[in-house]
């Protein structure tokens, strides 16, 4: 939490935080849905619902994240974001995260493996200005050429390994090509083994950034603590939330597949984890409770670090930066959310 610069103009609103914590707005690099809506619904109303729901969790900016579905379904979703992202009235959509379909079918997770395809620039060419992040498997056919092309021609796009079966050496090689991030570390990838450290080992043995789902379902508390020790200021929190986020338990869908939500878990019918119902402020509380992270370090994982990755004038309370501000209590319960200087959420229970 950096110094707050207050204007000397008389035309300002003074907000008394009453001893609470104040930080820059939270940024979610990976979220599919919340409040009953999903990015793949491909309608303006879904983006608006997602946007207005997230302010309750302190999230002020996010990457609208797609799923591995048919080429037409993905194109519909991308077109909807391109045409309507600027109209949302809550948390701002600052770009697209394309999660799949350029993944390894062997590690599809909750993604539909029937729609997995080799990396194909034609799929995203019309939306290249909006695409800010792509999760892919670097070991699949045509991935090397795709990564090198993207790195050379579109350096603004973050290339991230995820839903991948890459070995240690394959992962390390992809970092040399231009991959700089890893999606939901530990999930949808081989586990660490002392003779086959794999992708996880490559992450721990490099300076790439990574994100993690700190819901205590996808990752054990001890795993969160170890990851913090090894990755320190290269660690970012995400939610990977699906449409059931901020909703009651029950039946939902993710990428056209039925999901049952209960006791904080979202599961496909075969028991596979299907995204999460995690709120960003809950993830922060979990990290503070189960790791040695200071409160400032926790806040940085969802403000300063993702903003720097995306090249945004956000993530800091500093002159010249966007006036996205969150006020929260010691348990990370959200008291107030301010976006571009305008109050978008005020909790009546605190």
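The values are calculated or read from the model by the stated rules, or taken from the named source; none is laboratory data. What you see is a predicted model; the values in this text were computed from it and never measured. So basically every Cβ, Gly included, is an ideal-geometry build from the backbone, and we count neighbours across all protein chains shown.
For this structure, a couple of remarks:
- Which listed residue is part of a helix (DSSP H, G or I), touching a residue at least 24 places away in the same chain (Cβ under 8 Å) and either more than 19 Å from residue 237 (Cβ to Cβ) or within 17 Å of the chain's Cα centre (by Cα) (or both), from 79, 72: 79
- Verdict on residue 225 being modelled with pLDDT of 95 or more and either more than 18 Å from residue 303 (Cα to Cα) or surrounded by fewer than 20 Cβ atoms within 10 Å (Cβ to Cβ) (or both): yes
- Qualifying residue in the stretch 85-103 (condition: within 14 Å of residue 39 (Cα to Cα), in a helix (DSSP H, G or I) and under 19 Å from the mean Cα position of the chain (by Cα)): yes
- For the stretch 14-67, a residue qualifies if it is without any contact (Cβ under 8 Å) to a residue 12 or more places away in the chain and either under 18 Å from residue 279 (Cα atoms) or in a loop (DSSP other than H, G, I, E, B) (or both), and the qualifying residues are 14, 16, 18, 19.
- Checked against (1) farther than 22 Å from residue 156 by Cβ; (2) surrounded by fewer than 20 Cβ atoms within 10 Å (Cβ to Cβ); (3) touching a residue at least 12 places away in the same chain (Cβ under 8 Å), residue 337 passes all but condition (2).
- Criterion: within 24 Å of residue 220 (Cβ to Cβ), in contact with a strand residue (DSSP E or B) (Cβ under 6 Å, 6 or more places away or on another chain) and buried (at least 22 other Cβ atoms within 10 Å of the Cβ) - qualifying residue of 277, 326: 277
- Scanning the stretch 111-131 for residues that are more than 22 Å from residue 165 (Cβ to Cβ), in contact (Cβ under 8 Å) with a residue 24 or more places away in the chain and more than 21 Å from the chain's Cα centre (by Cα) turns up 121, 126.
- Tally of residues being assigned to a helix (DSSP H, G or I) and farther than 25 Å from residue 308 by Cβ across the stretch 174-206: 2
- Candidate set: the stretch 82-110, residues that are within 15 Å of residue 123 (Cβ to Cβ) and in contact (Cβ under 8 Å) with a residue 60 or more places away in the chain; chosen: the one surrounded by the fewest Cβ atoms within 10 Å (Cβ to Cβ): 97
- Against the conditions (1) touching a strand residue (DSSP E or B) at 6+ places or on another chain (Cβ under 9 Å); (2) in a loop (DSSP other than H, G, I, E, B); (3) surrounded by fewer than 19 Cβ atoms within 10 Å (Cβ to Cβ), residue 141 satisfies every one except (1).
- All conditions but one from (1) assigned to a helix (DSSP H, G or I); (2) free of Cβ contacts under 8 Å to residues at least 60 places away in the same chain apply to residue 323; the one that does not is (1).
- Residue among 230, 199 that is modelled with pLDDT of 95 or more, at negative phi, in contact with a helix residue (DSSP H, G or I) (Cβ under 6 Å, 6 or more places away or on another chain) and surrounded by fewer than 17 Cβ atoms within 10 Å (Cβ to Cβ): 230
- Complete set of residues in the stretch 233-251 that are exposed (fewer than 15 other Cβ atoms within 10 Å of the Cβ) and either touching a helix residue (DSSP H, G or I) at 6+ places or on another chain (Cβ under 6 Å) or at negative phi (or both): 233, 248, 249, 251
- Test result for residue 325, modelled with pLDDT of 95 or more and farther than 13 Å from residue 24 by Cβ: no
- Here is the figure for the stretch 216-243: residues that are within 18 Å of residue 110 (Cβ to Cβ) and in a loop (DSSP other than H, G, I, E, B) total 7.
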